[in-house]
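Novice: Okay, here's the structure, questions in a sec.
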Amino acid sequence: MTNILVVERLTIFNLFIVIFFKFFKFDVYIYKFSTNIPNWRIFKFLSLRFCNFEDCIDIGFDYYGGKNGDAIDEVTSQILDSELSNKFIPFFTNVKDSQKKHKLLIKEYVIVRCANLNDIYIWIEGYFANHSENKLNIYLLGDICRIRALFLKIRSNKIKVSPVISTNFFIVINFSLRIFRSLYKKILAFINRALPAKPIKINSNQESFISRAVDTVNYDILYFPHQTIFYGDLFLKDNFYSNDVNSVFYPSNILHIEFE
């Protein structure tokens, strides 16, 4: 019997769970990983593999994106409540068939919510095509909510995939993180506006060739740098400049334009 753990997204937080499964001789495959993971040494040390579609024996896309009335449609039908759907009718006053519109919106949400799981399952069926399903124990580590758990249950018609953890609390966590990130960006923007900007140090040599009263006819080169030619007080954007006074790329021979 082969024990397999597929990780939807490897992070620092679930890395300890992965180590726990590796202790029990599980083959671990990573679908995605966080950029916070320090380096590639940990992948080699733990013998982690990637869900590489190029290694698949065969790939079937019949169940991709809600085709052929697959698990996406079944999940949508099971979670769609007619009584709840009727409450949304006032929001679709200009829609001919409001219930159909509501179902399509729910289906779109299910597709987005289960996109990674669908890709993972396509990879599993393609990669383990020559394996007997009775000799495989496949577990999935990810944010498996009620909708995704239902998707896995319906989709596991050939090879069964069991979630390590299944709870709707993941939706609350993801929603809370999005609110936190949004508030953090707004607070940071407010602080940046409230604090006085750091003055940019400009030496006289840099400033000498900038003029506000120019005749555009006298210039062959126009330079429109992004947010001035000064990158703070770190350096000057002078990649195209020439030290030859007679060159059209000499700083004073270039017409510099910027928004005020």
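Each value in this text was obtained by applying a stated rule to the coordinates, not by laboratory testing. What you are looking at is a predicted structure, and each value in this text was computed from that prediction instead of being measured. Reconstructed Cβ throughout: ideal geometry from the backbone, glycine too, with neighbour counts over all protein chains shown.
Novice: Give the Kirkwood hydrodynamic radius (Å, one decimal) of segment 94-135, defined as one over the mean of 1/r across all pairs of different Cα atoms.
Specialist: Result for segment 94-135 stands at 12.8 Å.
Novice: Next question, about the same structure. Short version: what are the Cα gyration tensor semi-axes of segment 68-129, square root of 5 times each eigenvalue, largest first, in whole Å?
Specialist: The answer is 31, 10, 9 Å, longest axis first.
Novice: Local charge sum around residue 53 (other residues, Cβ-Cβ under 14 Å, Lys/Arg +1, Asp/Glu -1)? Intermediate results must be reported in sequence, preceding the final value.
Specialist: Values: positive: 32, 49; negative: 54, 55, 58, 119, 125.
Net charge in that neighbourhood comes out at -3.
Novice: Highest first, please rank the peptides 15-21, 237-243, 151-157, 186-192 by the mean number of other Cβ atoms sitting within 10 Å of their residues. Walk me through the numbers on the way to the answer.
Specialist: Values: 15-21: 15.0, 237-243: 11.7, 151-157: 18.6, 186-192: 9.7.
Sorting 15-21, 237-243, 151-157, 186-192 by mean packing, highest first, produces 151-157, 15-21, 237-243, 186-192.
Novice: Past 32 Å, Cα to Cα, is the threshold; run 25/158; 87/160; 32/160 against it and keep the listed order.
Specialist: From the list (25/158; 87/160; 32/160), the Cα-Cα distance tops 32 Å for 87/160.
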